[in-house]
Structures are given as structure tokens and as C-alpha cells.
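Asker: This is the structure I have questions about; it appears just below.
The values are calculated or read from the model by the stated rules, or taken from the named source; none is laboratory data. Note that the structure is predicted; figures quoted are calculated from it, not measured. All Cβ positions, glycine included, derive from the backbone under ideal geometry; neighbour counts span all protein chains shown. These accessible areas exclude ligands, DNA and RNA; they are computed on the full protein's heavy atoms, side chains included. Shrake-Rupley method; radii C 1.70, N 1.55, O 1.52, S 1.80 Å.
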Amino acid sequence: MRISLNWLKEYLNPPDLPVLEQELIHRLTMIGLPVESTEKQGDDVILDLEITTNRPDCLNHLGVAREVAAQLELSVQPPESSHVVGLEMGKVEVSIENPEECPRYAARLVKDVTVAESPRWLRQRLEAVGQRPINNLVDVTNYVLLELGHPLHAFDYHKLQGGCIVVRLAREGETLQTLDGIKRALDASMLAICDASRPVALAGIMGGTESEISTATRTVLLESAYFKPFSIRATAKKLGMRTEASYRFERGADPEIPVKALNRACRLIEQLNAGKTAGPLIDLYPGRVERQPIRLRRQRIKQVIGVSFEPAFVEGLLTLLGFEIVSSQPEEWVVQPPTFRADIEIEDDLVEEIVRHYGYERIPSTYPSPGLPEKALNYPRQESVLIEGLTASGFSEAVNYIFSTPVQEAEFWGESRPMIPIANPLTEEDSHLRTTLMAGLLTSLRRNFNYGNHEVRLFEIGKVFIPGTSGRLEDFRESNRLGLVASGVSYAAYWSAARDELNFLNIKGMLESFFSELGIEADFRPATGFGFLHPGVSAELSINEQPVGWAGELHPRLKDSFKFVQRVFLAELNLDPVYALPFPEPFYEPLSRFPAVERDISFLIDKTKEYGKLKRAIKSVNCPDLKDIQLIDLYQGSRLPEGKVSLTIRLAFQNPERTLTQQEVNQYCESVLALLRSRFAAEGRS
Amino acid sequence: MKKGRAFFISSLFLPVRLSPLKMTTAMLENAHPLWEQFRQELQSVSSLGQWTQLRDRYLSRQRGLITLEVKKLGRLSAEERPSAGQRLNVLKVQVEKALENHYQLLKEQERFRQLQSERIDVTLPGYYPRRGRIHPLRRIQREMEEIFMRMGFQVALGPELEWDYYNFEALNMPPGHPARDTQDTLYITENLLLRTHTSPVQIRTMQQQPPPVRIVVPGKVFRRDAVDATHSPMFHQMEGLVVDAGITFADLKGTLEAFLKELFSPQTRVRFQPSYFPFVEPGAEVVISCIFCSGTGCRVCKQNGWIEVMGAGMVHPKVLQKVGYDPETYTGFAWGMGIDRIAMLKYQIDDLRIFFENDVRFLSQF
Ligand SMILES: [Zn+2]
């Protein structure tokens, strides 16, 4: 809101400010009217104020003057707006069909109109605050808007069919060409100002071209009404319109000002010799609402702010701001807010008025005494363990938008899957919510390759949004996920060491180490049905037989379609079951004083057999002294029979109470080998 | 021994010069002829192998030259025998001692050669473990969480897809409220939306527990905004809430001042200006003295010396009523700030978009 300092001073008494301009700017900021910028114009200064949505009363010079006066303890001198006697005859019929939307409608005729350019002083005033002058009549309505804050509208009276005004909801099928030249289709939710047969203006938003003031206009009908915020807001939003008038009505105009504003306009028109006020002033006010006064307790101010205020300060300040002290007792008051302050509803609103003008900077800074809540809130402690492991393994954290598109995800899944659509997306790329972190991570990976970064390990922890099976959007599920993508060499840290390209076992090992930190043993099983993964390099992960995710190599088909030259490994994990597990608490197991005995067993086995199954089988052997099973060698080569691999497994045995005998250990190994022979057709080697 | 040790130390740094053994005059006069021969031969011994050969040549039990001399003693007369025997004894002791000394010398030489061959260039790059980094937004979020946790706050989390009731209605923004316009919302259905702030978690937390409440709420929030250097349809917020009997606006000031001075610097000046948010009353905008120019004016603060960092205020009584807290007994304060914005200020990042590009060259800077 642009405010001319010279214009503002007209309403102050005395008109000279007791403080310097810099100080005024500071004070305005500190009462909640921050000055965005200032601009010198001759002997005037234009302040650009930022007005919050709750203060439509400050969207004009008188309103700001009222705040300045209260802050500087001056008094306010409102402009002359007493009744103007109409010397000419004139009669207008006005009726309000929807008082709920239009509680008040005032109007008056102005005859013998001479539409011309406004005088210099008026044009200058308007231009100074950025309002383009049009003609004397329109300029007067704009002047009153910027002075008192109330939107007026001027109709060419002779263009109104039947010479009457009907305030009513539009009818389906009715149209109106508004002053911006657009022909608009109206509906039954929109309040219109109509003549005998048709809409001539969109109430509180914009007039129509047909009744617009022109140089041919001889008689003008001036409208000064009060429209309810909800009605104006809904219509303006529906039509995508926002005008000076709608902006103020939406936020709440002053229902008591229409007649004053009308009188003020008539006085100005006569002063400019632009026309003659005619006939009686029409003022229909079917929707008058009495506002209840508000009780204000001195103790409440103390309770909320932490400071006690002198009764004299409270009363003085509220009075300066236009509040009426209805009754006054030592510790409390009954206060009637002014009609232009629609934002004041409760006692704490009054508290804010007092402390705002007292100055936030004068309130001391204290520290609240600690109140301890009954219980600690749930917080996934596992998350920071995971993040620690990930960063230690060379993964950096990515953050991607949660938006995706069916096309993008279908490319990944290889099929279209149900997604949650956004009803009002801003762009096509933001049309749905992601169901996997992979689309974003692969895009990030591609971007890195394009930038020339070939060593890329990224992780993301974020939510995906799964639609319910019922088809109802509101049955959605949010799920916490961990996603990984990795590409490059396996030991990039060591400049002199071999630079092997990352492979699946690197990724798996990292995942295993994170799990082990969380006390979780996850199973990796060969996976089918993940179309985006290399069919031979893909695993499904499960914890306690519950599937929690997958890991593998990006399918060469996708690798080609993304135009990747390096192999890419990826994994996604549902963290909800991980977070649901108890956080691992280590407990001490006495150390055996008796040394562990290690034995290596080697055997040939069919290539198709899975090590995972084999290990599970060995574990199931009934041998409490078997402490560890480790694969230490896997050989496949020409020296072996076709289709066979040679495995060497190191078994460690230990008993907490005694040294194991050679014989016992041999027996254990033999039973393991027997099992391998019978279940996996293993052939012993030694 | 002392001499030997001194020699040992110097031999680490200098190639050993083989010096002839020093003999006393008396010894020389009486010396056995083999002594001079041994000395000559010893001088040319430069490896442990040669040393062993030399030792065996003189001291071997069967064929050693000295052993042979001892065996010859028997052929001497009884008068000659004692002095010749003594001479041989002296010779043997001298040879053994000389051999021992020479052995030490050769060992030192060998170690020296070994150490030299093991020498490396310590200025070569170390084998640097390649760590990844957490995202700068998480880094700053953790820093802020930790400050608040030291002040007795707990971290509360909540859903990103949220009901209109929690996002707006319970926060004193009924349908048709003008403040809904300033938070352009992405909707899924009429009632379901992407949360525009993390305030719904304040409501959810208060619904689940009686006062006192002392929480911070970090998380993603969403607005229907086009992407540019300072706008994004997704960004991050951290809000906080304190509710208890006796909480005042003065407490709000003290708490947030303490936090901001800890986050930025103890010299930071903090100012509270009246502002408006529907869910607080009174409301405040919190500004700090510009961290780049200390308040003298620069590009970042648009020349006015102050930077907006958060919105705050006393929790609106209607909000407390909605969750079943009695506003006559309990008061509270709440605030909210953009994590992305704070990160941009602290790390001097001038374009919000870089946070979501995930360029590893960017991520590795944090
Ligand atoms: Zn600055």
C-alpha cells in the first residue's frame, strides 16, 4: 500500500510530525506496518507499506493516520463527510434481494455532470501513490477509496434500464462484460448489481462496460455498499479476478462507512464543479449486525505477555485507536471495537493492540521454566544409524521432489501402477505423488553423469505414497523408504589399488553392514518379478520372512534407455518395518577362555545351488558349538567338471566351558559334510 | 658397549667405514703371527656369509686355524708351552672379540640397507576413506534440532499428506479464510492435501498429550509455487511449540533469542515486529541483524540491515480450545521457519534449486 506522507498529514492534528521521517519508518515497522521501500517525490515521501491480510482498515490514508496518531499520541482529523443537501430532484428505486450477501446499499444521484479531466492537485495525489487519473468522476471514487478505504462505483444512470438498482444473485445464463473488456458468464452463486432486467456490475468487484461513465454521461448513480467477505471472495476466486474493491471487501470493509464515503464523494464532486448532488440519499441497511463488546482483564494481559500495564495506558491507547471504553473498572474493561476493525474478535486481540503499540522491544526476554512432558515422543532412532552407515560407505544424501508422473514411473516399473493424482497440479511434471524413490534417484544419477561425475553413490530417505486398494484416494498410505543408487568403482578411495567396477556384492555388503548395526538379519533371495532389475542380478530382501525391499543391478534395457554407460546398482527398502523393530540393545556375553577351532571344508557343488540356502542348512545342523560360518573361497574354472564350482567354507567351533577335542570337531565337520552331500549333492574335496 | 652403541646410532645415517681394529702396543709386540693375517682377512669381509666363512676358517672345532695351533701346542716343550698357550689364548679372545664387533657392524649395515629400501614418499596422497555426506538441509536441520533438544525440546514428526482439518481448520483458518490464499495449496481431494506447513503436527501432538508440550517439528511442506531461485513447490520447515501454565510472550522472546544467537552467533541482534498469522495472537515476525554485513546494509538484506527468519506468536486461544486445552489455564507460543532459507543464509547459497539437483560436487561440500 503506497502512502503519501503529505496526504497522510492532512488527517493528523497537529499536522507536523513530532519525529523525523526515519523514526516514523521505524515506528511503523514496530507497530506491524513494515515499510518495504520509500521514494522521494518533490517535498513528499511515498512509503510502500506491507499490510497483513487482517488489517484492511490500513489500506488507506486515514487508517494509517489513525495508527500513526496512536503511536505518536496525536489526534486524528477525519475529512469532512457530513450530509450534502440535494438541490436537484431525482428518484432511484433500490432493492436488495440478498441481504445476507449485501447487508447495506447506499446510493445517490449526481446530475448535470460534466465529465472532464480532474484538477492538477487531484491528479498529482493519485499519481503519487500510483493511481492513473481517468476523469473527474472516476478520480473522485478512487480518491475516496485511497482516503477512507471504501470502494465506490459510478454508473451512467441513463444506461440503467428502468432507472433502478436490484442487488441480487445472478441467474444461470446471464452474462456481463466487465470493465476490463472480458465477457463473463455468471452463475447463481455470484452477487450482481442489476438494473430492471440484467446485471450491470459484479458486486464489489468490477462494473460493466455498458453502464460505464463516458464523456456523454449526464447523470451518475454513485454506489456505496457493504458486501460480505465470503461472497466477494468466492466470486472473485471463481472468475480469477482481483481488484482494489474486491481486495478490500474480501478482507472486511467497514459496514458503517458507506454513507460517509458517499457524502465525501458528493462533496468532492461539487467542489470540482463536476456535477450536482440530487434527490434524497438512499440507504438500505437490512443486514445490520450488532457486535458484542469484549471484556478485557488487566490480569489477562499479564498472563499472555508477562508484563503488567498501567490502566491509564490501556485506556488511552485503545481510545486513540478508535475503540470505545464502554465501562471501566480497576482491573477490567468492557471495550467496543470500532466497526472498521473486523479483525478484533476476542480479548487476546485487544492484548495484541496494546502490546503492539507499547513495543515488542520493550518486553523483557525470559526463559520458560521447563515443564517436563509425561512421555517421550516416538522417534525413529534407527534413521541416524542408517545414515551414519551410508555416509561411511560413501553414499551422499539426495533430496528429490515427492512429485512424479505416471509416464516417468511406468518407464521404471515397466507397467503403469496406481498413483495418487494431485487435483490442481501446477505443471505436468508435478501431476502425481511418487510410489518409489527410484524415479527421482535415477534422474539425479543421470544429471550427475551429464555433469561428468562418474563416481556416484546417492541415498534418499523419504516418503512414498501408496494408493489404497479400494480406489478411494483417501485410503492412501504413506511409507518411509530408503533408496540407493550407486555406480562407479568399488574402491575409489585408494588411488593405487585396483579399480574394480562396483558389483552387486559391494552393495549387498553395505546393506548387510547397515542391517547388522541395527541388529537385523536380512535374507537376500533371488528375485523374480522386478522388471527393472537385471534378472540374474536381483535380490528380494526380507526380515523375519516379511518382504522389505529389493536390491540389484539396473536392467540393461533401462540402462540403455537412460543412456547410461556404467553399470548401475540400486536398492529400495521399506523402513516402516525397520523402524517398528525394537532398537537393538547390546548385552554382554561372557568371553570363552577356550580357543575357537577353525576348520576349512572344501567341496564341489552344482553351480545352480544357492550359497544362501546352503548356509541356512549348515546353520540348522544341531551343533551348539558351531559359532561361525564363512565363505572363504569360491572357484570356478576349467580345472573343474562342467557346471561345478568349488567352495571353501571356514567353520569355527567354540565351547564356553572347555577345549574341544579333535575328535569332536572332526565329528562336527563330518556331519556338516554329510548334510551337504545329501541335500546339495556336494562332493568333498580336501 | 658404549662405543658400540654410539657407532650403531651413527651407522643408521652413514655408510659404515671399515676401520682396522685398534691394538695396544704391548699386544702388537707379542702378537701371534696369525693375528696380522686374520686382521687382513677380516678387513675384506663385507657380508654375513663371508663373515661365517672367516669365523669357521679360524675357529672351527675341527679345522680352524686357531684350533690347529692349539693342537700343535702338544708338540712344544714344557717351557715353551705356557707362554705359547697364553699367546694363543690371547689370540683366540682377540679374534672372537673382533669377529663379534664385526658381526654387529655388518648387522647395522644390513639394517641400514633394509630401511633404505623400505623408504617411501610420505608426501604421496593418503588412502583417503571416501565418505558420503548428509544433505545440507539435514545438516542444518540436525543443528537446529540439537540446539532445541539442549533446551528441553522433543522432535515430533507427522504425515506429509494431511487433512484440511489439521492443516487449516484447527489452526483457526476455516474455509473461506483469506490466509488460505497466501498458502496456495496442492489438493488431492477436497479434504486431503499436501501440508502447507508442519503446524498440523502441533495439533496432532496436543491432541495426544496434555500440557506441558515442548516440541519442534521439522519436515517437508508443499505449496503450489513455480520453481525459481527462491521458490519451490516443496521445501522444509521447522516449527516449534511450547504450551504450559504461565508461558508468556516474554518467554517466546527469550527462547527464540537464545536459539538464534546459538545458531548464528552470540553477536546476532534479534528483533520482534508485530505481524499476523491466523493461529497466533499476538503475532510476530522475527528478524535478525544481517549476518553478512552486521546490519550496515548489503545485497542479502536489501540494504536495510535486517533479515526475516521466522514467524512466531502466542498460540491463539481458539487453537488451544480446538485441542481441548483450557486457554484460561494454559498459554503457549509457537514459531515456524524455513530450513531451506536458513541453510541458504548460513551456507551462502543463492539458488534454492541446487538443493534438489543432488549433484555430488555440491553434496560433497557439506
Ligand atoms: Zn546485510
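Asker: When the accessible area of each residue in region A:373-394 is compared between its chain alone and the complete protein assembly (1.4 Å probe; ligands, DNA and RNA ignored), which residues differ by at least 20 Å², being lower in the assembly?
Answerer: A:373, A:374, A:375, A:377, A:379, A:387, A:391, A:392, A:394
Asker: Taking every pair of alpha-carbon atoms in region A:294-361, give the share separated by more than 20 Å as a whole percent.
Answerer: Details: 367 of 2278 pairs.
Percent of Cα pairs beyond 20 Å in region A:294-361: 16.
Asker: Here's a follow-up. Of all trypsin sites (Lys or Arg not before Pro) in region A:213-315, which ones are in loop regions per DSSP and have a Cβ with at most 14 other Cβ atoms within 10 Å? Can you show the working numbers first?
Answerer: Details: sites: A:218, A:233, A:237, A:238, A:242, A:248, A:251, A:260, A:264, A:267, A:276, A:288, A:291, A:295, A:297, A:298, A:300, A:302; in loops: A:218, A:242, A:288, A:291.
The qualifying sites are A:218, A:242, A:288, A:291.
Asker: Measuring with a 1.4 Å probe in the full set of protein chains, what accessible area per residue, in whole Å², belongs to region B:25-117? Mind showing how you got there, number by number?
Answerer: Working: 6250 Å² over 93 residues.
It amounts to 67 Å² per residue over region B:25-117.
Asker: Quick one: helix B:48-59 against the long Cα principal axis of chain B, what's the angle to the nearest 10°, folded into 0 to 90?
Answerer: Tilt of helix B:48-59: around 30 degrees.
Asker: Given axes a ≥ b ≥ c from the Cα gyration tensor, I'd like to know whether region A:388-521 is rounded (a/c under 1.5), prolate (a/b larger than b/c) or oblate. Write out the running numbers ahead of the final one.
Answerer: Numbers: a/c = 2.76, a/b = 1.73, b/c = 1.59.
Here region A:388-521 falls in the prolate category.
Asker: So what's the net charge close to residue A:183: Lys and Arg +1, Asp and Glu -1, counting the other residues with Cβ under 12 Å from its Cβ? Write out the running numbers ahead of the final one.
Answerer: On the way: positive: A:184; negative: A:174, A:180, A:210.
That sum, taken over residues with Cβ under 12 Å, equals -2.
Asker: Please give the solvent-accessible surface of residue A:638 in Å², to the nearest 10, using a probe radius of 1.4 Å with every protein chain present.
Answerer: 120 Å²
Asker: Give the lysines whose C-alpha is closer than 18 Å to that of residue B:72, dropping any in the same chain fewer than 8 places away, or say none.
Answerer: Counting by Cα, and skipping residues close in sequence, residue B:72 has these lysines nearby: B:92.
Asker: Which distance in nm do the two modelled labels at residue A:218 and residue B:56 give, with both placed 7 Å along the Cα-to-Cβ direction?
Answerer: Distance between the two pseudo-spin positions: 14.6 nm.
Asker: Just counting partner chain Cβ atoms within 10 Å, what average do the residues of peptide B:274-283 show around their Cβ? Mind dumping the intermediate values first?
Answerer: Numbers: counts 14, 6, 8, 3, 2, 0, 2, 11, 12, 5.
The mean count of partner-chain Cβ atoms within 10 Å per residue comes to 6.
Asker: Under a Cβ-only charge scheme (Lys and Arg +1, Asp and Glu -1), can you give me the dipole magnitude of region A:93-284 about the Cα centre, in debye to the nearest 20? All intermediate terms of the calculation are to be shown ahead of the outcome.
Answerer: Numbers: 25 positive and 24 negative charges, 69 e Å.
Magnitude of the dipole: close to 340 debye.
Asker: With a 1.4 Å probe and all protein chains left in place, how much of the accessible area of region A:151-197 comes from carbon and sulfur atoms, in whole percent? Write out the running numbers ahead of the final one.
Answerer: On the way: 1010 of 1960 Å².
Reported share for carbon and sulfur atoms: 52 percent.
Asker: What part of the accessible area of chain B, given as a whole %, is carbon or sulfur when the probe is 1.4 angstrom?
Answerer: Working: 9310 of 18230 Å².
Carbon with sulfur: 51 percent of the solvent-accessible area.
Asker: While we're looking at this one, here's another question. Give me a single rounded figure for A:351-364: the average over its residues of other chain Cβ atoms within 10 Å of their Cβ. Intermediate values should be presented prior to the final figure.
Answerer: On the way: counts 4, 10, 2, 1, 5, 6, 1, 0, 2, 11, 5, 0, 7, 6.
Whole-number average of other-chain Cβ neighbours for A:351-364 is 4.
Asker: Additional query: Across bins of 20 angstrom width beginning at 0, how are the C-alpha pair distances of the protein assembly as shown distributed, in whole percent?
Answerer: Using 20 Å bins, I get a P(r) of 10, 28, 25, 17, 10, 6, 3, 1, 0 for the protein assembly as shown.
Asker: Relative to the longest principal axis of the C-alpha atoms of chain B, give the angle of the C-alpha long axis of helix B:136-150, reported between 0 and 90° and rounded to the nearest 10°.
Answerer: 80 degrees
Asker: Follow-up. For residue B:68 and residue B:302, compute 0.36 nm times the residue count separating them, minus their Cα-Cα distance, and round to one decimal in nm. Intermediate values should be presented prior to the final figure.
Answerer: Numbers: separation 234, 0.36 × 234 = 84.24 nm, distance 10.54 nm.
Taking 0.36 nm per residue and subtracting the Cα distance, the gain is 73.7 nm.
Asker: Which is the longest part of chain A that has none of the chymotrypsin sites (Phe, Trp or Tyr not before Pro) sitting in a DSSP loop with at most 10 other Cβ atoms within 10 Å?
Answerer: A:1-586
Asker: Moving on to the next point. In debye, nearest 20, what is the charge dipole magnitude of the protein assembly as shown about its Cα centre with +1 on Lys and Arg Cβ and -1 on Asp and Glu Cβ, if you could check?
Answerer: Values: 123 positive and 134 negative charges, 1173 e Å.
Roughly 5640 debye for the protein assembly as shown.
Asker: Related question: For region B:136-363, what class follows from the C-alpha gyration tensor (a ≥ b ≥ c being the square roots of its eigenvalues): rounded when a/c is under 1.5, otherwise prolate if a/b is larger than b/c, else oblate?
Answerer: Details: a/c = 1.65, a/b = 1.21, b/c = 1.36.
The shape class here is oblate.
Asker: Let me ask you something else. Could you pull out every residue, at least 5 positions away or on a different chain, whose amide H is within less than 5 Å of the one on residue A:98? Hs are placed 1.01 Å off N in the peptide plane, and Pro or chain starts have none.
Answerer: none
Asker: Kindly flag which residue pairs out of B:220/B:346; A:9/A:111; A:9/B:253; A:111/A:237; A:91/A:238; A:463/B:318 have an alpha-carbon separation exceeding 24 Å in this structure.
Answerer: Numbers: B:220/B:346 19 Å; A:9/A:111 33 Å; A:9/B:253 34 Å; A:111/A:237 36 Å; A:91/A:238 35 Å; A:463/B:318 32 Å.
Checking Cα-Cα distances, A:9/A:111; A:9/B:253; A:111/A:237; A:91/A:238; A:463/B:318 exceed 24 Å.
Asker: In Å² (nearest 100), what accessible area is buried between A and B, both sides summed, heavy protein atoms only, 1.4 Å probe?
Answerer: 7900 Å²
Asker: Kindly identify region A:561-660 as rounded, prolate or oblate by the Cα gyration tensor criterion: order the square roots of the eigenvalues as a ≥ b ≥ c, call it rounded if a/c is under 1.5, otherwise compare a/b with b/c, prolate if a/b is larger, else oblate.
Answerer: oblate
Asker: Counting Lys and Arg as +1 and Asp and Glu as -1, each charge on the Cβ, what is the dipole of region A:2-76 about the Cα centre in debye, to the nearest 20? Show your work: numbers first, answer last.
Answerer: Working: 6 positive and 13 negative charges, 36 e Å.
It works out to roughly 180 debye.
Asker: Among the lysines, which have Cα under 30 Å from the Cα of residue A:627 when same-chain residues fewer than 8 positions away are ignored?
Answerer: Answer for residue A:627, where 30 Å is the Cα cut-off: A:508, A:607, A:609, A:613, A:615, A:619, A:644, listed by chain and number.
Asker: Which aspartates and glutamates have a Cα lying under 12 Å from the Cα of residue A:276, excluding residues fewer than 8 positions away in the same chain?
Answerer: Within reach: A:88, A:112.
Asker: What Kirkwood Rh does region B:250-314 have if only Cα atoms enter the pairwise 1/r average? Answer in Å.
Answerer: Across region B:250-314, the inverse of the average 1/r is 12.1 Å.
Asker: Also, I was wondering about something else. Once the Cα atoms of helix A:136-148 and of chain A are each reduced to a long axis, what angle between those two axes, in degrees from 0 to 90 to the nearest 10, is obtained?
Answerer: Between helix and principal axis, roughly 60 degrees.
Asker: Here is a further query. Given a 1.4 Å probe, how much area per residue of region A:93-284 is accessible, in Å²? Working shown, then result.
Answerer: Numbers: 7290 Å² over 192 residues.
Heavy-atom SASA per residue in region A:93-284 reads 38 Å².
Asker: Also: Starting from region A:606-673, pick out the GluC sites (Glu not before Pro) whose DSSP state is loop and whose Cβ has at most 10 other Cβ atoms within 10 Å.
Answerer: On the way: sites: A:610, A:642, A:657, A:664, A:670; in loops: A:610, A:642, A:657.
Those that pass, being in a loop and sparsely packed, are A:642, A:657.
Asker: Also, I was wondering about something else. Kindly provide the helix-only [θ] at 222 nm of the protein assembly as shown, computed as the sum of -39,500 (n - 2.57) over DSSP H runs of four or more divided by all residues, to the nearest 500 deg cm²/dmol? Present the calculation step by step, with values, prior to reporting the outcome.
Answerer: Numbers: 33 runs with 351 residues, N = 1052.
Roughly -10000 deg cm²/dmol at 222 nm, from the helical runs in the protein assembly as shown.
Asker: Hey, how many Å between the Cα centroid of region B:304-321 and the Cα centroid of region B:45-102?
Answerer: 102 Å
Asker: Then there's this: Among the GluC sites (Glu not before Pro) within region A:397-433, which fall in a DSSP loop and have no more than 12 other Cβ atoms within 10 Å of their own Cβ? Intermediate values should be presented prior to the final figure.
Answerer: Working: sites: A:397, A:409, A:411, A:415, A:428, A:429; in loops: A:415.
Answer in residue order: A:415.
Asker: Something else now. For B:153-160, what's the mean count of beta carbons from other chains sitting within 10 Å of each residue's beta carbon?
Answerer: On the way: counts 2, 6, 3, 3, 5, 1, 4, 6.
Mean inter-chain Cβ contacts per residue within 10 Å come to 4.
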